[in-house]
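Data block below; observations after.
The values are calculated or read from the model by the stated rules, or taken from the named source; none is laboratory data. Bear in mind the structure is a predicted one, so any value in this text is a computation, not a measurement. Positions of Cβ are generated from backbone atoms using ideal geometry, with glycine treated the same way; all protein chains shown enter the neighbour counts.
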Amino acid sequence: MVSGWDSKSFGELFDFSGGLSASRLQLSDVGFPYLHYGDIHSANRPFIDVCSDNNIPRLNVSLNEVSKEALLQDGDVVFVDASEDDKGASSYVVVRNIADQPFISGLHTIVAKAKTNELDKGFREYCFQSEDIKRQFRFFAVGTKVVGVSKSTVKKMVLSYPTEKTEQRFIAAALSDVDNYIAMFEKLIAKKSYIKEGAMQELLTGNRRLLGFDGKWTRKRIGKIGYSYSGLTGKQKKHFGHGNAKYISFLNVLLNTIVDVYKLEFVEVCEDERQNSVNIGDLFFNTSSETPEEVGMCAVLTQQIEDVYLNSFCFGFRVLDDDIDGLFLAYYFNSIVGRKVMTTLAQGATRYNLSKKHFNDTILTLPPKDEQVSIANILSEIDSEIDSLRVELKKMRDIKQGMMNELLAGRIRLV
């Protein structure tokens, strides 16, 4: 045991109870604030402030129907008892409620109310994020499709903590500073993304023209500007994960406007196989999904790479018209206006598909080539800025995780 630290079970530190069950459909903007377990899973901070957060859903119910234990007070810790994976099983928030407002803990929640005054309220916001606590949650979590913990198992978990409140507050303050820095990056990324969406909506539709461009936009049928081709065929699971060639995966197309060449995966392709290899400038489209919004998401290859193929869940499109810029088209198809086109083409009931025939018959209205290139360059520069910010954000999150591992284990002392 670290000098000046103590270890106790959760059951020694907290009294545990459940919340008031209500479905998401019962929630609205009328009634008392209600903490749904889904909002804990999606929280990007370790606390929820009922006095300042106006987005908390509400439940229109009489307080006579709510047990005292389900009403959340300042400093209460709320864990989830159900998750889709082991990682989510340790999700929690600490309640900030200095005005003592009626705040109802809801479905699939475990409420922990402090028995003692040993843990500073700010320290509670971080002490359950240590790797040791997460390991204990993974150990006790049970289930297959849905994993969960119970009040009786949470009580058995053990927390190590500094006995001096001053050290607890120093730890909480240090981690809170990092959280504020992370929040700044998140807001900046959101702002840049909002600017990009606005620019795409204006520039890709001709609502706003770049300075110096006034050429006429022309209508072209997709099938007239190039041709489509299929991805890998005849492949089995055993052919993937190794081999002499690489392929562009479904997720690489779904998540990027420009193919991430550093995330190409290996596949076994023989020399005598008749497979369609991809070229620089080719466009790739996701052809099938459970939601129409994901159908037709587009990515373009901007680097020449040898022996690269395309996943079978996608099709490729090779531009032959010299008046068309592939990067412009990729941004177009991933924009709001492009997504409307693609969701209209998506066909199906339980699963939606995009046929090459319907795609090739689609008419697009496009600006002159030089304007296409300028628009694509502007959007690409914004994307580069966003990517750089995301790299810095990941660094800060890694730094925070490292700090937590050291501070919450007592290996680094701040006093």
Go through the range 288-307 and report how many residues are more than 18 Å from Val341 (Cα to Cα) and surrounded by fewer than 21 Cβ atoms within 10 Å (Cβ to Cβ). 6
For Gln129, work out the one condition from (1) in contact with a Pro (Cβ under 9 Å, 6 or more places away or on another chain); (2) modelled with pLDDT under 95; (3) assigned by TED's automatic domain parsing to the domain that holds Ile386; (4) not aromatic (Phe, Trp, Tyr) it doesn't fulfil. (3)
Residues of the range 399-409 classified as charged (D, E, K, R) and more than 14 Å from Ala183 (Cα to Cα), total: 1
Across the range 83-101, the tally of residues that are touching a helix residue (DSSP H, G or I) at 6+ places or on another chain (Cβ under 6 Å) and either assigned to a loop (DSSP other than H, G, I, E, B) or among the aromatic types (Phe, Trp, Tyr) (or both) stands at 2
Exactly one condition in (1) without any contact (Cβ under 8 Å) to a residue 40 or more places away in the chain; (2) closer than 19 Å to Gly75 by Cα; (3) polar (S, T, N, Q) is not met by Thr163; state its number. (1)
Those residues of the range 218-259 which are exposed (fewer than 14 other Cβ atoms within 10 Å of the Cβ), modelled with pLDDT of 95 or more and not in a strand (DSSP E or B), in sequence order: Lys224
Check the range 266-287 and report whether any residue there is surrounded by fewer than 20 Cβ atoms within 10 Å (Cβ to Cβ), in the same structural domain as Gly231 (by TED's automatic domain parsing), at pLDDT below 90 and not in a loop (DSSP other than H, G, I, E, B). no
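Kindly evaluate Asp49 against the criterion of being in contact with a strand residue (DSSP E or B) (Cβ under 9 Å, 6 or more places away or on another chain), over 22 Å from Ile182 (Cβ atoms) and of a type in the set (Asp, Glu). If you could, list the steps in order and put the result at the bottom.
On the way: in contact with a strand residue (DSSP E or B) (Cβ under 9 Å, 6 or more places away or on another chain): yes; over 22 Å from Ile182 (Cβ atoms): no; of a type in the set (Asp, Glu): yes.
Criteria not met by Asp49.
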Could you tell me which numbered condition Gly19 fails, if it satisfies all but one of (1) over 13 Å from Val78 (Cβ atoms); (2) crowded, with 17+ Cβ neighbours inside 10 Å? (1)
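Out of the residues in the range 1-48 meeting the condition of being outside any strand (DSSP E or B) and charged (D, E, K, R), tell me which one is nearest to Ser150 (Cα to Cα).
Quick first cut of the range 1-48, residues outside any strand (DSSP E or B) only: 1-4, 10-13, 19-26, 29-31, 36-46.
Filter once more, so that each one left must be charged (D, E, K, R): 12, 24, 29, 39, 45.
Values: Glu12: 16, Arg24: 22, Asp29: 30, Asp39: 19, Arg45: 23 Å.
Out of the qualifying residues, it is Glu12.
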Near pairs, Cβ below 6 angstrom, 6+ apart or cross-chain, from the range 334-362 (modelled with pLDDT under 90) to any residue that is loosely packed, with under 13 Cβ neighbours inside 10 Å and assigned to a loop (DSSP other than H, G, I, E, B): Arg351/Glu290
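Let me confirm something: among Lys145, Lys113, which residue is surrounded by fewer than 20 Cβ atoms within 10 Å (Cβ to Cβ) and part of a loop (DSSP other than H, G, I, E, B)? First the steps, then the outcome.
Details: Lys113 fails: part of a loop (DSSP other than H, G, I, E, B).
From the options Lys145, Lys113, the qualifying one is Lys145.
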Condition (residue is among the aliphatic types (A, V, I, L, M), assigned by TED's automatic domain parsing to the domain that holds Ser130, touching a Leu at 6+ places or on another chain (Cβ under 7 Å) and over 16 Å from Gln73 (Cβ atoms)) applied to the range 33-49: is it met by at least one residue? no
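Of all residues in the range 63-115, how many are of a type in the set (Phe, Trp, Tyr) and either under 24 Å from Phe140 (Cα atoms) or out of contact with any Pro (no Cβ under 8 Å at 6 or more places or on another chain) (or both)? Break it down stepwise before answering.
Start the filter on the range 63-115 by keeping residues that are of a type in the set (Phe, Trp, Tyr), which leaves 79, 92, 103.
Filter once more, keeping what is either under 24 Å from Phe140 (Cα atoms) or out of contact with any Pro (no Cβ under 8 Å at 6 or more places or on another chain) (or both): 79, 92.
Number satisfying all stated conditions: 2.
So if I check each of Lys340, Lys356, Lys369, which one is more than 24 Å from the chain's Cα centre (by Cα), surrounded by fewer than 17 Cβ atoms within 10 Å (Cβ to Cβ) and not acidic (Asp, Glu)?
On the way: Lys340 fails: more than 24 Å from the chain's Cα centre (by Cα); Lys356 fails: surrounded by fewer than 17 Cβ atoms within 10 Å (Cβ to Cβ).
So the residue among Lys340, Lys356, Lys369 that is more than 24 Å from the chain's Cα centre (by Cα), surrounded by fewer than 17 Cβ atoms within 10 Å (Cβ to Cβ) and not acidic (Asp, Glu) is Lys369.
Kindly indicate the residue of the range 198-215 that is touching a residue at least 24 places away in the same chain (Cβ under 8 Å) and part of a loop (DSSP other than H, G, I, E, B) and also surrounded by the fewest Cβ atoms within 10 Å (Cβ to Cβ) among those meeting that condition.
Start the filter on the range 198-215 by keeping residues that are touching a residue at least 24 places away in the same chain (Cβ under 8 Å), which leaves 199-201, 203-206, 209-210, 213, 215.
Going one step further and asking which of them are part of a loop (DSSP other than H, G, I, E, B), we end up with 204-206, 209-210, 213, 215.
Working: Leu204: 25, Thr205: 15, Gly206: 13, Arg209: 15, Leu210: 13, Phe213: 14, Gly215: 11.
Of everything passing the filter in the range 198-215, Gly215 is surrounded by the fewest Cβ atoms within 10 Å (Cβ to Cβ).
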Exactly one condition in (1) in a helix (DSSP H, G or I); (2) surrounded by 15 or more Cβ atoms within 10 Å (Cβ to Cβ) is not met by Met184; state its number. (2)
